[in-house]
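First the structure, in the form of structure tokens, and then the observations on it.
Please treat every number below as a calculation from the coordinates, not as lab data. If you're wondering where the values come from, they're calculated on a predicted model, not measured in any experiment. Positions of Cβ are backbone-derived with ideal geometry, glycine not excepted, and every protein chain shown enters the neighbour counts.
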Amino acid sequence: MGTWLTRGSRRAALPLACLVLAGVILGGLDRALPPPPMPDVSALVTDREGRPLRAFPVEDGRWRLPVDPARVDPAFLAALIEIEDQRFFTHDGVDMLAMLRATASLARSGRVVSGGSTITMQTARLLEPRPRRTILAKLTEMVRAIQLEWRYSKADILQAYLTLAPYGGNLEGVRAASWAWFGHEPDVLTPDEIALLIALPQAPEARRPDLRPDAAVAARARLLARMERAGLISADRAADAAEEPAPQRRAFPALAWHAAEHLARAGGEIRSTLDIRLQTELEAMMRELADNAGPDVQASALVVSLDGREVRAAVGSAGRDRAGGWIDLTRRNRSPGSVLKPFIYGLAFEDGLAGPGTRIADLPRRFSDYNPENFDRTFRGDVTIAEALQHSLNVPAVQVLDAVGANRFLAALSFAGGRAIVPRSREGDAGLAIALGGLGITAQEVAVMFAALGAGGEALPLAWTSEAAEANRTASGYSLLSEQSASTLLDVLQRSPAPPGRMPARLTAGAPAIAYKTGTSYGFRDAWAAGVSGNYAVVVWVGQADGAPRPGETGRRAALPALFDVFDRIARRDPSGIAPLPGPASSASPAGPLARFEPGVRGPDIVFPPDGAEVWADGPERRFALSARGTGRLRWYQRGVPLATDAGGQFLWQPDGPGFYELTVVDEAGRSARTRVRVRTPDPS
């Protein structure tokens, strides 16, 4: 050591060594003093595969993205350790050899030639910045470094450094820098990128590529030369990398603006269920739709996978530069128009009041003080329930709702997860106008309903994270409709008239079979289209954020073509997830022969076993006598299989063993009722 250390440098090194020794002693004795806390990081919302959708700055508008060293290019980490702290994995926070070498270089040349700070010391300084670089500040930095080494692993310290290192302006951490300067994750980096990411923290403002590109290029060239001398890169690659121009700063990802903002409240890095490719396409589609519709028009949309109810794409508005663009319009209550009519008819199927082939009068009729009309102000006379739904006739829908009960319909909506805003009478009853959109509901709640329709009638909340989706897969949702009623509705809705310029799905080879319904609110304020195909449900809304009317803009005209376009995009991305073409049309009731809708006449009423009951079977031969009240001869079924009667005409049911069962009774008019029963057996112990 004496061959290269001058007398002056020895004198300079001695007090420094004493300070280091004091720091070591202090760090060992004062373990109770907590080290500086690890940094807060920007919230980052990613898609289902971990690709960033939107990042959020921390305090003072700084970008500090969470960094996992395992997801950083190993070549960058190797170069960082080689150049900044060769003994990082062996020292205890302070590298005495590096400190002495730096002191000697300073004494010989009169300027800083190499730094003596370890990565741990730099991390301590980043955690507790000090305005002045004094001997006391250096001592404190060493003590803190030793404490960090005592309390945290090398991986934790490296992660903190990679998260906090300054990269110019409001950029902190290698991940934020990689996105800002290169537009991608730091998992795969080129030699010029590696060199710049190591050079920038040494003088972040003096070498900012956007403000001082020449200084950035020169510093990068020096780092490339050091990497070449260390054997980390060939001379040819170093020369090629040095020729690259200085990068320009790029914007951070800003997809799924509204959904990401909602998810980011959890903090940290949140992996959503969104698909970045579908999200990008849907945002572009809604923007184009709104641009073509007018300067003040907004559009929103949702794509939901029925599996776990994962939200795969969500557009809260068509653009923040348009009126109301900062509002998440998928969460705002709007009038749904006729988009919920399928569920009114579905409840009528459930109650045994009607089937799709049941005939009903589409004629002028007054309900107390309510006098509904069809949209085109014409009446079609005698029609089937299927035809009434496919052509969105208003009078039949109100007539069926009157029989089902407005409060019952709203209760089903509420149990399914909807929090509709409904005007009520003084007695607390909802009016029949809710059949035609006289209530407020969100696009997300409509998506829950249509997803339930496509999933056998089971309603579950929308899932925005994989954890929520997994919980849905194991949860028992609300049975909005029976599987039979849901299947019947899908068949009816698949045969609705195609939108303008489209062939009916069943006539178009390769086209997705979409079961859909449109809605237009009073005064043309809201245009809706909602549908199901295979494993996906889609909702599209078009209107003005302030609820201003748009005369002539119906759901069929303004929203339905976009719904079909969205399903076309889904079909190209996931062909197996879209429903096959429907089979031959059927107009028969799912429960029996054709019947005429008779308001006030309800289906059979089950006496035993009541819905939700538990019955005990004390042996494999135990049979139960079924009982129901109804019109004419009644028939009983267990999941569609008819049950036999005994010699006295009594229906007897013999369960196969413990478990859950569904029984259905049907009268002569095809009306039905069902009960769900749990059979239990005594514990053999």
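A few notes on this one:
- Per-peptide average of other Cβ atoms within 10 Å, ordering 210-222, 302-314, 642-654 highest first: 302-314, 210-222, 642-654
- Between ALA70 and ASP296, the simple label model (points 7 Å from Cα in the Cβ direction) yields a spacing of 5.4 nm.
- Stokes-Einstein D (µm²/s) once Rh is taken as the Kirkwood radius of segment 337-400 over alpha-carbon pairs, at 20 °C in 1.002 mPa s: 181
- Sorting 525-535, 329-339, 539-549 by their mean Cβ neighbour count within 10 Å, with the most densely packed peptide first, gives 525-535, 329-339, 539-549.
- Computed from backbone phi, the HN-Hα couplings of segment 331-338 come to 10, 9, 5, 9, 6, x, x, 9 Hz, rounded to whole numbers (Karplus: 6.51 cos²θ - 1.76 cosθ + 1.60, θ = phi - 60°; Gly and Pro given as x).
- Note, ³J(HN,Hα) from phi for segment 540-553, Karplus 6.51, -1.76, 1.60, rounded to Hz, x at Gly and Pro: 10, 10, 9, x, 9, 4, 8, x, 5, x, 10, x, x, 8
- For SER42, the amide hydrogen comes within under 5 Å of the amide hydrogens of ARG64, LEU65, counting only partners 5 or more places away or on other chains and with H modelled in the peptide plane.
- Between segment 210-251 and segment 114-175, the alpha-carbon centres lie 25 Å apart.
- Counting only aspartates and glutamates at least 8 places from LYS341 when in the same chain, those with an alpha carbon closer than 14 Å to its own are GLU387, ASP402.
- Largest-first ellipsoid semi-axes for segment 329-577, taking √(5λ) over the Cα gyration tensor eigenvalues, angstrom: 26, 21, 19
- Within the shell defined by Cβ-Cβ distances under 15 Å, the residues around PRO461 carry a net charge of -2, with Lys and Arg each +1 and Asp and Glu each -1.
- A cut-off under 14 angstrom between Cβ atoms defines the neighbours of ILE570, and their net charge, with Lys, Arg +1 and Asp, Glu -1, is -2.
- Linear extension gain, PHE608 paired with ASP656, 0.36 nm per residue minus alpha-carbon span: 15.5 nm
- Straightening the chain between ALA411 and ARG249 buys 53.0 nm, computed as 0.36 nm per residue apart minus the Cα-Cα spacing.
- Inter-label distance for SER234 and TRP150, nm, one decimal - labels placed 7 Å from Cα along Cα-to-Cβ: 4.9
- Ordering of 289-296, 61-68 by burial proxy (mean other Cβ atoms within 10 Å per residue, highest first): 61-68, 289-296
- Local charge for PHE76 was computed over the other residues whose Cβ lies under 15 Å away, with Lys and Arg +1 and Asp and Glu -1, and equals -4.
- Stretchable slack from ALA323 to ARG51, in nm (0.36 nm times residue separation minus alpha-carbon distance): 95.0 nm
- Backbone N atoms of segment 252-286 closer than 13 Å to the 7 Å Cα→Cβ label point of GLU470 belong to residues 271.
- Rough spin-label spacing in nm, given labels placed 7 Å along Cα→Cβ, for ALA644 and HIS184: 7.1
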